[in-house]
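The values are calculated or read from the model by the stated rules, or taken from the named source; none is laboratory data. Since this is a predicted model, take the numbers as computed values, not measurements. Cβ placement follows ideal geometry from the backbone for every residue including glycine, while neighbour counts extend to all protein chains displayed. Each accessible area value is taken on the protein alone, full model and side chains, heavy atoms only, with ligands, DNA and RNA left out. Shrake-Rupley method; radii C 1.70, N 1.55, O 1.52, S 1.80 Å.
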Amino acid sequence: MDLPWNDERSKRFITNVGLITSVGPFGQNVMACEWTHHVSYHPGLIAVCLRPDEATHENIKRTREFGVNLCSTDQSRMSSIAGAYTGAKFDKIKALEDLGFKFYKGKKISAHMIHGASVNIECELYKEIPLGDHTTFIGEVVEASNNIEKEPLAYYDGKYFIMNTPVESPTYEERDNMGKIVEKYKK
Ligand SMILES: Cc1cc2nc3c(=O)[nH]c(=O)nc-3n(C[C@H](O)[C@H](O)[C@H](O)COP(=O)(O)O)c2cc1C
């Protein structure tokens, strides 16, 4: 069966917003991508799932690299623009610069990267997997820098959120008691 975009069940997932930068036939570009996932530590691999009709898709296919900039809580407007216009028709980088956002040249890749993102990760294409109506591009991390003072933005139910209320973890005593119950069911 299908689980379409905007379906109430699809909207239950809480995600980051990856601002995916690329360069290629459509020039320097940025798009918003909630399906951005860290999928391996050794080597560091990041998966992004893109629709084949997007400019970023074509850029990545051509240059085999992309930037993953995790949107920070003060960059939701950038996400709205990056996610609503296509680089096939608009120079979103110039428009965003006009709006005060700042980019820098990638250290290891030719695509621009975004100042003030929560984390900046430069990737070289490791694998490309067509999956359903999206293509999963897996990127191998070649450069990564952390902006510890910038909180990542959360995305849920079509809205942006700040994650600021940690849920209490079980105490050691509770963990001990739960562990005893699990032990009862050891296979
Ligand atoms: C918050 C948000 C999350 C998005 N997540 C994805 C995603 O995971 N995958 C995808 O293909 N498009 C996603 N989009 C849509 C693209 O960002 C949109 O199609 C964009 O215009 C593509 O730009 P491009 O053609 O310049 O590559 C998202 C949009 C928004 C606003």
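General observations
- Pairs from the table (11/186; 61/108; 107/159; 61/105; 108/159) lying more than 25 angstrom apart at Cα are 11/186; 107/159; 108/159.
- Under a 5 Å amide H cut-off, with hydrogens placed 1.01 Å from N, residue 83 pairs with 32 among residues at least 5 apart or on other chains.
- Placing 5, 35 in order of accessible area, with the largest value first and a 1.4 Å probe, yields 5, 35.
- Here residue 176 sits with roughly 100 square angstrom of accessible surface, probe radius 1.4 Å.
- Sequence-separation-based contact order of the chain, relative, with Cα cut under 8 Å and 6+ spacing, percent: 24 percent
- Per-residue Karplus couplings for segment 157-163, computed as 6.51 cos²θ - 1.76 cosθ + 1.60 with θ equal to phi - 60°, are listed in order as 6, x, 10, 8, 9, 9, 8 Hz, Gly and Pro entered as x.
- Accessible area in square angstrom per residue, the chain, 1.4 angstrom probe: 64 Å²
- Taking amide H atoms as placed 1.01 Å from N in the peptide plane, the amide H of residue 143 lies under 5 Å from those of 122, each 5 or more residues away in sequence or on another chain.
- Values of log10 I(q)/I(0), in the order q = 0.07, 0.09, 0.10, 0.19 Å⁻¹, for the chain under a Debye, Cα-only, solvent-free model: -0.24, -0.37, -0.45, -1.30
- Heavy atoms of residue 37 accessible to a 1.4 Å probe, total area in Å² rounded to 10: 80 Å²
- Accessible area of residue 160 (1.4 Å probe, protein heavy atoms only, ligands and nucleic acids ignored): about 80 Å².
- Shown for segment 1-136: the carbon plus sulfur share of the solvent-accessible area, taken with all protein chains present and a 1.4 angstrom probe, equals 53%.
- Mean-position separation - Cα centroids, segment 1-20 and segment 106-123, in angstrom: 25 Å
- Nearest 10 degrees, 0 to 90: helix 172-184 Cα axis against the chain principal axis: 80 degrees
- When the helices of the chain are scored as -39500 (n - 2.57) per DSSP H run of n ≥ 4 and the total is divided over every residue, the value at 222 nm lands at -5500 deg cm²/dmol.
- Residue-span extension gain [residue 151 to residue 9] - 0.36 nm each, minus C-alpha spacing: 48.5 nm
- The modelled label-to-label distance for the pair residue 168/residue 90, using points 7 Å beyond Cα in the direction of Cβ, is 4.6 nm.
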